[in-house]
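One structure is given here, and the rest of the page talks about it.
Every number in this text was worked out from the coordinates using simple rules, so none of it is lab data. None of these values were measured; they are calculated from a predicted model. Positions of Cβ are generated from backbone atoms using ideal geometry, with glycine treated the same way; all protein chains shown enter the neighbour counts.
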Amino acid sequence: MPDIKFRVKRQDPGDKKNPEAHWEEYIVHYEGDNLTVLEGLFYIQEKYDGGLSFRYCCRASICGSCGMYINGAYRLACQTNVKHLDTDLITVAPMPHLPLVKDLVVDMDEFFAKYEYIMPWLIRHSSDPEKELIQSPKERKKIDMPVDCILCGCCYSSCPSAWGEDNYLGPAALLKAHRFEVDSRDEGGKERIARWNNERGVYRCHTIMNCVEACPKELNPTEGIQWLKRAAVRRKLLGKAK
Ligand code: SF4
Ligand code: FES
């Protein structure tokens, strides 16, 4: 049975005796070739410390709960096979630049508040709710990329523009605005534009592109943000709602 060493960043800000961040090491035994980082964390929780805190849900790269900073990169713990990291040491830390709750759990409240602010739902004014909204394959293709976002927050954590105090909406929320802007069924352009076409929105993006590198789903939030900037100019020149 092979062994692999995990070095996990631990911190409990609520622990009055030991509130500081520190690293702890654990040896994880496993069989076969398919140990994921998430399974390694389960092992640690079961064999060494039931108090180790981390988030997960689907274990299939879909829910976005297990975004972490693993061996110096943003990754989903459930998607990361330790064999593919090609190392004897797995370091696991919480996503940086976000408020810490405990160990590997960060506070995502602000991330989701910004996401909600962008109105991430289909807005219709004209249609009969009983009638199906048909989309052609060509129209559907336009949302292929942004629709795959699982809201893991890796891009948001990686973006220097979001680290400051300017309350930048961040790449994930803006990618969602793009997703509805390009959706042929949506009629919420007028409502949404005031929320993203400003200094707190698309103009705070300086195309640093950390988000593209961080995204474990290989999406391109920067492309979506640039699309929105162009759409704002088109709208100003042509006076269109969308
Ligand atoms: Fe996660 Fe990528 Fe969506 Fe950002 S764009 S929240 S990194 S899936
Ligand atoms: Fe759902 Fe990893 S547990 S994405």
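Annotation for the range 166-203: GluC sites (Glu not before Pro) lying in DSSP loop with at most 11 further Cβ atoms inside 10 Å of their Cβ are 199.
Could you size up the charge dipole of the chain around its Cα centre, putting +1 on the beta carbon of Lys and Arg and -1 on that of Asp and Glu, and report it in debye to the nearest 20? Before the final figure, lay out the partial values.
Values: 35 positive and 35 negative charges, 277 e Å.
Using Cβ point charges on Lys, Arg, Asp and Glu, the chain gives about 1320 debye.
With pairing defined as another cysteine C-beta under 4.7 Å, the cysteines of the chain that fail it are 66, 78, 149, 152, 154, 159, 205, 215. Taking Lys and Arg as +1 and Asp and Glu as -1, the other residues whose beta-carbon sits under 9 Å from that of residue 5 total -2.
According to the Kirkwood expression over distinct Cα-Cα pairs, how big is the hydrodynamic radius of the range 108-174, in Å?
Numbers: mean 1/r = 0.0701 Å⁻¹.
By the Kirkwood definition, the hydrodynamic radius is 14.3 Å.
A simple rule links phi to the HN-Hα coupling: the Karplus curve 6.51 cos²θ - 1.76 cosθ + 1.60 with θ = phi - 60°, which for the range 92-101 gives 10, 10, x, 4, x, 6, 10, x, 8, 8 Hz, with x for Gly and Pro. Put a plus charge on the Cβ of each Lys and Arg, a minus charge on the Cβ of each Asp and Glu, and nothing anywhere else: the dipole of the range 1-86 about its Cα centre is then about 280 debye. Here the Karplus curve 6.51 cos²θ - 1.76 cosθ + 1.60, taken at θ = phi - 60°, turns the phi angles of the range 220-227 into couplings of 10, x, 4, 4, x, 5, 5, 4 Hz, with x standing for Gly and Pro.
For the chain, what is the mean residue ellipticity at 222 nm derived from helices alone (per DSSP H run of n ≥ 4: -39500 (n - 2.57); sum divided by total residues; nearest 500 deg cm²/dmol)? Provide the component values of the computation, followed by the final result.
Details: 10 runs with 80 residues, N = 242.
Calculated mean residue ellipticity at 222 nm is -9000 deg cm²/dmol.
With unit charges on the beta carbons (Lys and Arg positive, Asp and Glu negative) and the dipole taken about the Cα centre of the chain, which residue among 197, 72, 97 sits farthest to the positive side? Going by the charge dipole, the pick is 197. Taken about its Cα centre, the range 121-242 carries a charge dipole of roughly 540 debye when the Cβ of each Lys and Arg holds +1 and the Cβ of each Asp and Glu holds -1. Beta bridges assigned by DSSP with both partners in the chain are antiparallel in approximately 80 percent of cases. Each of 23, 184, 120 was scored by the projection of its Cα onto the charge dipole of the chain, and the greatest displacement toward the positive side belongs to 184; charges sit on the C-beta of Lys, Arg, Asp and Glu. Give, to the nearest whole percent, the P(r) tail of the range 63-120 beyond 18 angstrom, counting all Cα pairs. When every Cα pair of the range 63-120 is considered, 42 percent fall beyond 18 Å.
Tell me which GluC sites (Glu not before Pro) from the range 104-179 have a DSSP coil assignment and no more than 12 other beta carbons within 10 Å of their own. The partial results should precede the final answer.
Details: sites: 110, 116, 130, 132, 139, 165; in loops: 130, 132, 165.
For GluC sites (Glu not before Pro) across the range 104-179 that sit outside H, G, I, E and B with at most 12 neighbouring Cβ atoms in 10 Å, the list reads 130, 132, 165.
With the largest listed first and rounded to whole Å, the semi-axes of the equivalent ellipsoid of the chain from the Cα gyration tensor are 39, 20, 15.
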